[in-house]
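Undergrad: Just dropping this structure here.
The values are calculated or read from the model by the stated rules, or taken from the named source; none is laboratory data. Quick caveat: nothing in here was measured; it's all calculated off a predicted structure. As a convention, Cβ positions derive from the backbone with ideal geometry for all residues, glycine included, and neighbour counts pool all protein chains shown.
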Amino acid sequence: MIDFEKFLNDRINNNKNLENLASFFTTDDLSQLSEKAISIVGTNAKTSTANYIYQVLSELGIKTLLFTSPHLVSYEERIQSNHHEINNSQYVEQIKEFEEKKSINLGYFETLFLIACRTFIDEKLDIFIVEAGIGGRLDTTSMIDYKNVILTNIGYDHQDILGETLEDILYEKIKISNKIDNLICGDISSEHKELISKELKDTSISFLDENNNNKSNKEDFRLKNIDLAIFSINKILGQEVKSEIISKIKEYKVQGRFEIINNNPVKILDGAHNISGFETLFQNLNNLYKDVHFQCYLGLKEGKEFQRILDFLSEKENNTINIIEDNSFYNQMSSNHLTSYLEERNINFELSTIEKFHLSKEHCILIGSLYLIGEYKKEFK
């Protein structure tokens, strides 16, 4: 019996084969993917938007495959179907033969993406929702010539790959495909709207905030993400979503995204990992828990803009900073980087652990990385 998890784990950090991926499929396969796949790009809210669309399409009885990343506990979270049980291991031999033929070694993300595409085609499903990994233009998922793309928002993240300015980052994301017929946009500034319109002259572009039927609660980002999902389904599929379905979707919780796991005291898990994500998160905290003091348990992945994040947190009156100790989750930034920066600025903090968050009797939030959230769930949920 194939140990699929081991097969995957042997492929960590080797996603450099974009130019070869399309040859895993026939021309007809690629045409189907282009017609039926919906790409979701953006700095934040991709996973939430993808999950809300998936839930709505499931309620509508549309056979759908969902591909997201990263996972929190198990790789099985990355490929979901509302029509049949996923069997990833059935494609192992095909993957190995493809690697041998091309003399390449596929990476973890590439392997799962090819399996997701193959599953979608073989099972003859209706819609394939694809969350981009990093950026768009050079992302593994750009193998597909998407006709339908959703852009959630633009903020600073992965500047070493995507560029230093918001305009650079925006360009990388909207170039996920050169054949976009429909682009649906969420939270986009007026300047960036102009840039998008200039770059995609032959594309039908729809902005959520210009939709007369958009009754989004600007103070709740969950509702904004649901609005974008509903708006996108209407624009891409021409499908109206009934109020009963919308009410049901509002009860759906996306794991690790403002996930309230306890009410007394309040305990929240959130994978915000860049400055725009932190700003959105704390805006939501302020709206829902205005005068509540939170213990903030923070761990960041290597490469993140820790200075801006720590400056932001130190300016907040209603939270105390607790830095998660080293070796707590995958690719964690050294806690010394964080504590040294705080000490230099005479900012109070505590060195802490995931277990202390779990045992705390105070209002608290675990934040900074989805990998951190995943470790918490593995250990305590």
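Undergrad: Filter region 145-200 down to residues that are hydroxyl-bearing (Ser, Thr, Tyr) and out of contact with any Cys (no Cβ under 9 Å at 6 or more places or on another chain) and give me whichever is surrounded by the fewest Cβ atoms within 10 Å (Cβ to Cβ). Break it down stepwise before answering.
TA: First, the residues of region 145-200 that are hydroxyl-bearing (Ser, Thr, Tyr): 146, 152, 156, 165, 171, 177, 189-190, 197.
If we keep only those that are out of contact with any Cys (no Cβ under 9 Å at 6 or more places or on another chain) as well, we get 146, 156, 165, 171, 177, 189-190, 197.
Working: 146: 30, 156: 17, 165: 11, 171: 18, 177: 24, 189: 12, 190: 8, 197: 13.
Applying the filter and picking the extreme gives 190.
Undergrad: If only one of 89, 58 is over 25 Å from residue 173 (Cβ atoms), of a type in the set (Gly, Ala, Ser) and in contact with a strand residue (DSSP E or B) (Cβ under 8 Å, 6 or more places away or on another chain), which one is it?
TA: On the way: 89 fails: in contact with a strand residue (DSSP E or B) (Cβ under 8 Å, 6 or more places away or on another chain).
Sole residue among the options that is over 25 Å from residue 173 (Cβ atoms), of a type in the set (Gly, Ala, Ser) and in contact with a strand residue (DSSP E or B) (Cβ under 8 Å, 6 or more places away or on another chain): 58.
Undergrad: Name the residue, out of 121, 115, 104, that is assigned to a loop (DSSP other than H, G, I, E, B) and of a type in the set (A, V, I, L, M, F, W, C).
TA: Working: 121 fails: assigned to a loop (DSSP other than H, G, I, E, B); 115 fails: assigned to a loop (DSSP other than H, G, I, E, B).
Every option except 104 fails the conditions.
Undergrad: So, one more: Tally time: how many residues in region 322-372 are within 26 Å of the chain's Cα centre (by Cα), among the hydrophobic types (A, V, I, L, M, F, W, C) and part of a loop (DSSP other than H, G, I, E, B)?
TA: 2
Undergrad: Looking only at region 230-238, decide whether some residue is part of a loop (DSSP other than H, G, I, E, B) and on the phi > 0 side of the Ramachandran plot. Walk me through how you get there before you give the answer.
TA: First pass over region 230-238, keeping only residues part of a loop (DSSP other than H, G, I, E, B): 238.
From what's left, on the phi > 0 side of the Ramachandran plot: 238.
Within region 230-238 (the criterion being part of a loop (DSSP other than H, G, I, E, B) and on the phi > 0 side of the Ramachandran plot), the answer is yes, since at least one residue qualifies.
Undergrad: Oh, and also: Among the numbered criteria (1) over 27 Å from residue 188 (Cα atoms); (2) surrounded by 15 or more Cβ atoms within 10 Å (Cβ to Cβ); (3) charged (D, E, K, R), which one does residue 344 miss?
TA: If we test residue 344 against (1) over 27 Å from residue 188 (Cα atoms); (2) surrounded by 15 or more Cβ atoms within 10 Å (Cβ to Cβ); (3) charged (D, E, K, R), just (2) comes out false.
Undergrad: Let me ask another. Name the one entry in 208, 269, 285 that is in contact (Cβ under 8 Å) with a residue 60 or more places away in the chain, in contact with an Asp or Glu (Cβ under 7 Å, 6 or more places away or on another chain) and not hydroxyl-bearing (Ser, Thr, Tyr). Steps first, answer last, please.
TA: Details: 208 fails: in contact (Cβ under 8 Å) with a residue 60 or more places away in the chain; 285 fails: in contact with an Asp or Glu (Cβ under 7 Å, 6 or more places away or on another chain).
Result: 269 is the single residue among 208, 269, 285 that is in contact (Cβ under 8 Å) with a residue 60 or more places away in the chain, in contact with an Asp or Glu (Cβ under 7 Å, 6 or more places away or on another chain) and not hydroxyl-bearing (Ser, Thr, Tyr).
Undergrad: Sticking with this structure for a sec: Of a type in the set (Gly, Ala, Ser) and either in the same structural domain as residue 271 (by TED's automatic domain parsing) or under 30 Å from residue 178 (Cβ atoms) (or both): which single residue out of 58, 89, 81, 74 fits that description?
TA: Details: 58 fails: either in the same structural domain as residue 271 (by TED's automatic domain parsing) or under 30 Å from residue 178 (Cβ atoms) (or both); 89 fails: either in the same structural domain as residue 271 (by TED's automatic domain parsing) or under 30 Å from residue 178 (Cβ atoms) (or both); 74 fails: either in the same structural domain as residue 271 (by TED's automatic domain parsing) or under 30 Å from residue 178 (Cβ atoms) (or both).
Of the residues listed, the single one that is of a type in the set (Gly, Ala, Ser) and either in the same structural domain as residue 271 (by TED's automatic domain parsing) or under 30 Å from residue 178 (Cβ atoms) (or both) is 81.
Undergrad: Give me a count of the residues in region 1-35 that are among the small types (Gly, Ala, Ser) and surrounded by fewer than 13 Cβ atoms within 10 Å (Cβ to Cβ). Talk me through it step by step, then tell me what you get.
TA: Filtering region 1-35 for residues among the small types (Gly, Ala, Ser) gives 22-23, 31, 34.
Remaining after also requiring surrounded by fewer than 13 Cβ atoms within 10 Å (Cβ to Cβ): 23, 31.
The number of residues fulfilling the criteria is 2.
Undergrad: While we're on this one: Out of 179, 173, I need the residue that is at pLDDT 90 or above, basic (Lys, Arg) and touching a Lys or Arg at 6+ places or on another chain (Cβ under 7 Å). Which one?
TA: 179
Undergrad: Can you tell me which residue within region 288-321, out of those that are of a type in the set (A, V, I, L, M) and not in a loop (DSSP other than H, G, I, E, B), is farthest from the chain's Cα centre (by Cα)?
TA: Step one: list which residues in region 288-321 are of a type in the set (A, V, I, L, M), which gives 288, 292, 298, 300, 309-310, 313, 321.
Those still in the list that are not in a loop (DSSP other than H, G, I, E, B) too: 288, 298, 309-310, 313, 321.
On the way: 288: 23, 298: 19, 309: 19, 310: 22, 313: 22, 321: 25 Å.
The selected residue is 321.
Undergrad: I would also like to ask the following. With the structure loaded, tell me whether residue 260 is of a type in the set (A, V, I, L, M), within 23 Å of residue 44 (Cα to Cα) and in contact (Cβ under 8 Å) with a residue 40 or more places away in the chain or whether it fails that test. Don't jump to the end; show me each part of the working.
TA: On the way: of a type in the set (A, V, I, L, M): yes; within 23 Å of residue 44 (Cα to Cα): yes; in contact (Cβ under 8 Å) with a residue 40 or more places away in the chain: no.
For residue 260, the condition - of a type in the set (A, V, I, L, M), within 23 Å of residue 44 (Cα to Cα) and in contact (Cβ under 8 Å) with a residue 40 or more places away in the chain - is not met.
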